Structures are given as C-alpha cells and as structure tokens.
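Participant: Take a look at the following structure, please.
The values are calculated or read from the model by the stated rules, or taken from the named source; none is laboratory data. Because the structure is predicted, anything quoted here is derived from the model rather than measured. Reconstructed Cβ throughout: ideal geometry from the backbone, glycine too, with neighbour counts over all protein chains shown. When the accessible area is computed, the model is the full protein with side chains, heavy atoms only, and any ligands, DNA or RNA have been set aside. Shrake-Rupley method; radii C 1.70, N 1.55, O 1.52, S 1.80 Å.
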Amino acid sequence: MKRICVDMDEVMADAVAEHLLRYNRDYEEQLTVADLEGKWLWEIVSSDRHGALEAYLRSEDFFESLTVMPQSQRVMQRLQHNYEVFIATAAMEIPTSFAQKFRWLEKHFPFIPPSHIVYCGDKGILKADYLIDDNPRQLQRFQGTGILYSSPHNAKVKGFKRVKNWLEVEQMFLG
C-alpha cells in the first residue's frame, strides 16, 4: 500500500487565520490573507513585532485553537481506505507545540492512530511515496513526490505539483 505523509499546519489546520486574528486584535490592524500573497507574515509585519508573532506560536492555546481546513477530515478518512496515511508535522520548530498538536489531532482526526503521527524537523527523513506540505523547503529534500498545498506564502513558488484545497487532494488521489 502506498504511503502519504500530510503536514498539519496550513494543510490540515489554518494557522494563518489564527495568526492574523491574534495580530489584528492586538495591534488593531486589518491584515488579510490577500496581504500575504507570496510572503510570510513575518515579512510584512515590522521587525519590532516579531516577538509577538513568536509569542503567539508559543502560547498555551495557539495550536489547539486552529480551525480545520475545509473537507480535510472527510478526505483524510477516505484516503485511509487506499493509502497508509501519516501526519508529519515539523513540531521541532516549536517544541512547546507537541501536546497541543496531539490534542488537536485527537479531537479533529480521531481516526488517525497515534502511531501514525510523526513529529520531526527535516521531512527529508520520511519514507513515503507522497508528502503534502505547504512549505517548499520541506518538499525539496523529500525523496518521494512532493505536493505543494497552496498557502499565501507559497503563491509564487513553482516546481512542484500543487493542490489548492482538499477537494483537489481528493481528486488527485481518489479520482
């Protein structure tokens, strides 16, 4: 059976929306997803506010507060009938996120067994046929087929198969 690894943040969970919500609330601004076209939030926020962005990520509730990407639960459940599905999240970048991410997955994706959740830094270590990820850096070292999940920051990235949403993931893998 072929194996698919799926990133969590910005693929299954909408971290950008939560970041924008907190930033706009705290700084009384109106940044939108459109403002991020081709850029990371860190690139459009003044450097004196980067500490706040980091603090959001390290807060006790950031990752548990994330909204589920539309259709991801249904499609992930369907994928499990034809593929071995693993969650591969770069939790090492924010070590305080481990427990939150686990609880979030347990709540929203209870059909994914804990043995199929991989916390890693460099996803080049993964042995799978496919990796669905929003971060091109993670796809570059991956040995299988990398699939770029569209996110504002990667809008201008080329060189990878791309999906815009979970309906496109479903079409790609399940026809």
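Participant: Dipole magnitude of the chain about its Cα centre, charges +1 at Lys/Arg Cβ and -1 at Asp/Glu Cβ only, in debye to the nearest 20?
Facilitator: 800 debye
Participant: Okay, next question. At 1.4 Å probe size, what's the solvent-accessible area of K107? Round to the nearest 10 Å².
Facilitator: Only protein atoms counted, so the area is about 150 Å².
Participant: How far is it, in nm, from the label point at L174 to the one at N24 when both lie 7 Å from their Cα along the line to the Cβ?
Facilitator: Those two pseudo-labels are separated by 3.2 nm.
Participant: Around K156, what is the net charge, scoring Lys/Arg as +1 and Asp/Glu as -1 over all other residues with Cβ under 15 Å from its Cβ?
Facilitator: Around K156, the surrounding residues sum to +1.
Participant: Given that just one value was derived from the coordinates, which of (i) 49, 34, 28; (ii) 49, 37, 29; (iii) 129, 43, 16 is Cα extents along the principal axes in Å?
Facilitator: (i)
Participant: Check Q71: other-chain or 5+ apart residues with amide H under 5 Å from its amide H, H built from backbone geometry?
Facilitator: Close amide H contacts, sequence-distant or interchain: none at all.
Participant: Okay, moving on. Of all the accessible heavy-atom surface of the chain, with the other protein chains kept in place and a 1.4 Å probe, what percent is carbon and sulfur? Display every interim value, and only then the final one.
Facilitator: Working: 4500 of 8910 Å².
Accessible surface attributable to carbon and sulfur in the chain totals 50 percent.
Participant: Label points 7 Å out from Cα along the Cβ direction at T32 and F160: separation in nm?
Facilitator: Spacing of the two 7 Å Cα→Cβ label points: 2.6 nm.
Participant: Next up: Restricting the count to DSSP beta bridges whose residues both fall in the chain, what percent are antiparallel, rounded to a multiple of 5?
Facilitator: 10 percent
Participant: Also: Compute the distance from the alpha-carbon center of region 113-175 to that of region 66-109, in whole Å.
Facilitator: With region 113-175 and region 66-109 each reduced to a Cα centre, they are spaced 13 Å.
Participant: If we sort 131-139, 71-79, 93-101, 144-152 on the protection proxy, mean other Cβ atoms within 10 Å, highest first, what's the order?
Facilitator: For the peptides 131-139, 71-79, 93-101, 144-152, the packing ranking is 131-139, 144-152, 71-79, 93-101.
Participant: Angle, helix 15-27 long axis vs. longest principal axis of the chain, Cα atoms, 0 to 90°, nearest 10?
Facilitator: Around 10 degrees separate the two axes.
Participant: Now for a separate question. How high is the relative contact order of region 51-175, in percent, with contacts defined as C-alpha pairs under 8 Å that are six or more residues apart?
Facilitator: Across region 51-175, relative contact order equals 22 percent.
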